[in-house]
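S.K.: What follows is a single structure, and I will ask about it in a moment.
The values are calculated or read from the model by the stated rules, or taken from the named source; none is laboratory data. Fair warning: this is a prediction, and the values are worked out from it, not measured in the lab. Counting neighbours? That spans all protein chains shown, and the Cβs are built from the backbone with ideal geometry, glycine included. What goes into the accessible areas is simple: the full protein's heavy atoms, side chains included, and nothing from ligands, DNA or RNA. Shrake-Rupley method; radii C 1.70, N 1.55, O 1.52, S 1.80 Å.
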Amino acid sequence: MEGGGGNSKGSGLGSLFGAGGAGGPGYSHADLAGVPLTGMSPLSPYLNVDPRYLIQDTDEFILPTGANKTRGRFELAFFTIGGCCMTGAAFGALNGLRLGLKETHSMAWSKPRNVQILNMVTRQGAVWANTLGSLALLYSAFGVIVEKTRGAEDDLNTVAAGTMTGMLYKCTGGVRGIARGGLAGLMLTGLYALYNNWEHMKGSVQRQSL
C-alpha cells in the first residue's frame with residue numbers, strides 16, 4: 001500500500017511537471033524528429049520558430065494604402081518655399097546691415113542713423129525673401145508639372161525644373177536673358193543632382209576598378 005502510494009504520488013508529480021510518467025505527456029526524440037526546428041535546439045515542440053521570420057527586412061512604419069515611402073515634390077514644395085523665404089530674409093537682413101553701416105559711416109551714432117540702418121535691413125530682407133521665394137515657387141511648380149507629366153521622380157525632373165525656372169525668371173531680358181537664366185538653373189540643379197548621387201557614383205567607380 002505504502003509503495004503503491006509512493007508510485008501514485010510520484011506519477012502525479014511527474015504528470016504535473018511534464019515528466020515521463022504513466023499519465024504525463026512525455027515527448028521523445030522520435031516525436032520531435034518531424035518538428036521543423038531550424039537553427040534551434042529541440043527543447044520543446046512549442047519552440048518551432050524559424051529565426052528568419054524574426055529578421056526585420058522592411059520599414060518599421062505603416063503607410064496608408066497607395067502612399068509612397070518618401071514625400072513627393074508637392075509635399076516638399078511648402079518646405080522649399082518657406083525655407084527659401086526665411087533664408088532670403090536672413091541673408092537680406094545681413095546685407096542690409098552691411099549696406100546701412102557702409103552708407104552711414106560718416107554719421108554719428110544717433111536715432112536718425114539707427115532708423116536709416118533699420119530701414120535698409122528691412123528693405124533688403126524683404127527684397128531677398130521675395131526673390132528667393134519666387135524662385136522656389138517657380139521651381140516647385142515646374143517640378144510638380146514635370147513629375148506628373150513623366151510619371152517618374154528622378155534627378156532629371158530636378159534639372160528640368162531648375163532650367164525652366166531660370167528661363168522664366170529671366171524672360172524679361174530677351175533671348176540672351178532666357179539663355180543665361182536657363183544655363184544658370186541648369187548648372188545649379190546639375191551640381192545639386194551630382195552632389196546627391198556622389199556616393200553612388202563613387203561606389204560604382206570603385207566596383208568597376210576592382
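S.K.: Look through the range 190-210, keep the residues that are hydroxyl-bearing (Ser, Thr, Tyr) and at pLDDT 75 or above, and return whichever of them is surrounded by the most Cβ atoms within 10 Å (Cβ to Cβ).
M.R.: Tyr192
S.K.: Quick check on Ala126: is it more than 30 Å from Arg98 (Cα to Cα), open to solvent by less than 80 Å² (accessible area, probe 1.4 Å) and not polar (S, T, N, Q)?
M.R.: So Ala126 does not fit the description; no.
S.K.: Could you list, in sequence order, all residues of the range 127-147 that are in contact with a Lys or Arg (Cβ under 6 Å, 6 or more places away or on another chain) and small (Gly, Ala, Ser)?
M.R.: Scanning the range 127-147 gives a single hit, Gly143.
S.K.: May I pose another question? When the range 104-123 is examined, which residues are found to be open to solvent by 50 Å² or more (accessible area, probe 1.4 Å) and over 38 Å from the mean Cα position of the chain (by Cα)?
M.R.: Across the range 104-123, the qualifying residues are His105, Ser106, Met107, Ala108, Trp109, Lys111, Pro112, Asn114, Val115, Gln116, Leu118, Asn119.
S.K.: Report, by residue number, each residue of the range 132-164 that is of a type in the set (S, T, N, Q) and either closer than 18 Å to Phe78 by Cβ or open to solvent by 60 Å² or more (accessible area, probe 1.4 Å) (or both).
M.R.: The answer is Ser134, Ser140, Thr149, Asn157, Thr158.
S.K.: Of all residues in the range 173-189, which are open to solvent by 30 Å² or more (accessible area, probe 1.4 Å) and in contact with a helix residue (DSSP H, G or I) (Cβ under 9 Å, 6 or more places away or on another chain)?
M.R.: Gly173, Ile178, Ala179, Arg180, Leu183, Ala184, Leu186, Met187, Leu188
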